[in-house]
Amino acid sequence: RIENDGFTYEGDIQNGEMCGEGTMTFTDGSKIEGHFDNGELHGKGIYYCDDGRRIIGTYNRGCLEGKVKEITAEGDRVIFEGDYVDNMRHGQGKLTTECGGVYQGMWKEGKFHGQNNVYHYPKVPGIPGNKSTPNRFYSLHGEWANGKMIKAAVFLGNIEVKDEKGNTIYLTEDISTDTCISKDPLLCDPYEHSLVIVRPSSIPNSGEGLFAKVLLPDDTIVSYYNGIRIPQSLVDQREWEMNSNTITLEEEDEEEKGTSIDVPPPYDKTSSYVASLGHKVNHTFDEERQNCVYAHCEHPRFGHIKCIQTTRRVAAGEELLVCYGYDLLNATGHGAPKWFLD
């Protein structure tokens, strides 16, 4: 056993140094199991991150290099598979996000970076009655620099998607600010546009709602909730009439101020904004009609946002409905709007 300020080692020791099979445990709870040589990790090893993720690969004098596989804590999903250099993703690789999107192509110093990289939208499983087929999935092909999508063409299967004038449709990174919801607010997301449509809601006095275009499988992201990014404290100070299209993105705590996504007028109208449609999903108290939940999502165009994820199969033409989950314990003040309490 060897103890250091930053780690504790247990395993084979020769001449006072780590040599042979052993485990190095760090103060943050992460650890490395593998083969050590003259005090350095050298050979096959597994790094257990402090959040439980596992990184499996080969170490060269303490540096993770060559083919590497990153796996979730549960072991049910490969997060990344590809090349590493100097402990970073570097070279060819494939990253699968928690929400089902896949980044495939070149990486540079830990960032998605290349001229011919591809982002694959989540695959909607083919089920009876669904118009989606395995060879007709949406993807974005183009350039990324340091993790940022510079310019990527929309593809459906192997076919480049064109607009009504016959021009190729391109997407770029378009992360909102506190004043700009989108640089191109009338440019639809191709994946979302293929799955959902805005129509008058079936919920009385609720205006427009979001409906399934096709039969949607269970546990599938079907819509995105982008908007301007404002402090949660500002949302808490406003009247409910101004918060009809807000959703908490990051909770406020001792370290973070908290951020909300908002779709304010005129962007609440489809004549002004269709880049994302998640804000159109309405609430129902009827648990049998609830078929979706809000979830976090990393989007190549919008960055970190919320999304709409199905909790069961949703029939074509059925309205997407969630539970807004307002806190009734704080019903005085800003805990919940009046219509929710009534």
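Go through region 152-237 and tell me which strands (runs of 3 or more DSSP E), entirely inside it, have 1 or more residues that are of a type in the set (D, E).
Counting at least 1 such residues, we get 208-212.
Can you name every residue in region 288-326 that is part of a loop (DSSP other than H, G, I, E, B), touching a residue at least 60 places away in the same chain (Cβ under 8 Å) and among the basic types (K, R)?
R301, R312, R313
Give region 57-80 a look and list any residue that's under 18 Å from N38 (Cβ atoms) and not in a strand (DSSP E or B), or say none.
R61, G62
Please specify each residue of region 259-278 satisfying the condition of being touching a strand residue (DSSP E or B) at 6+ places or on another chain (Cβ under 6 Å) and within 17 Å of I305 (Cα to Cα).
Within region 259-278, T259, S260, I261, D262, S276, L277, G278 qualify.
Yes or no: region 81-94 includes at least one residue that is within 31 Å of the chain's Cα centre (by Cα) and exposed (fewer than 13 other Cβ atoms within 10 Å of the Cβ).
Yes: one or more hits.
Determine which member of the set G43, G39, G129, G62 is within 24 Å of Y224 (Cα to Cα), modelled with pLDDT under 95 and either touching a Phe, Trp or Tyr at 6+ places or on another chain (Cβ under 8 Å) or not aliphatic (A, V, I, L, M) (or both).
Residue meeting the stated conditions: G129.
Give the residues of region 165-187 that are closer than 22 Å to L249 by Cα, buried (at least 18 other Cβ atoms within 10 Å of the Cβ) and in contact with a strand residue (DSSP E or B) (Cβ under 8 Å, 6 or more places away or on another chain), sorted by residue number.
The answer is E173, S176, I181.
Of the residues that sit in region 37-56 and are of a type in the set (K, R) and in a strand (DSSP E or B), which one is farthest from E17 (Cα to Cα)?
R54
So that you can scan it fast, the table gives a plain yes or no per residue for (1) β-branched (V, I, T); (2) more than 23 Å from R301 (Cα to Cα); (3) crowded, with 19+ Cβ neighbours inside 10 Å:
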{"position": "G207", "(1), (2), (3)": "no, yes, no"}
{"position": "L210", "(1), (2), (3)": "no, no, yes"}
{"position": "P217", "(1), (2), (3)": "no, yes, no"}
{"position": "I221", "(1), (2), (3)": "yes, no, yes"}
{"position": "Y224", "(1), (2), (3)": "no, no, yes"}
{"position": "I230", "(1), (2), (3)": "yes, no, yes"}
{"position": "L234", "(1), (2), (3)": "no, yes, no"}
{"position": "N243", "(1), (2), (3)": "no, yes, no"}
{"position": "T246", "(1), (2), (3)": "yes, no, yes"}
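Conditions (1) basic (K, R); (2) modelled with pLDDT under 95; (3) within 30 Å of V314 (Cβ to Cβ), marked per residue:
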{"site": "I71", "(1), (2), (3)": "no, no, no"}
{"site": "G100", "(1), (2), (3)": "no, yes, yes"}
{"site": "Q104", "(1), (2), (3)": "no, no, yes"}
{"site": "H120", "(1), (2), (3)": "no, no, yes"}
{"site": "P125", "(1), (2), (3)": "no, yes, yes"}
{"site": "G142", "(1), (2), (3)": "no, no, no"}
{"site": "V154", "(1), (2), (3)": "no, no, yes"}
{"site": "K165", "(1), (2), (3)": "yes, yes, no"}
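What are the residues in region 256-275 that are among the small types (G, A, S) and either in contact with a helix residue (DSSP H, G or I) (Cβ under 7 Å, 6 or more places away or on another chain) or surrounded by 17 or more Cβ atoms within 10 Å (Cβ to Cβ) (or both), if any?
Selection gives G258, S260, A275.
The values are calculated or read from the model by the stated rules, or taken from the named source; none is laboratory data. It should be emphasised that the depicted structure is a prediction, and the values quoted were computed from it without experimental measurement. Methodologically, a virtual Cβ is constructed for each residue, glycine included, from the backbone with ideal geometry; neighbour enumeration extends over all protein chains shown.
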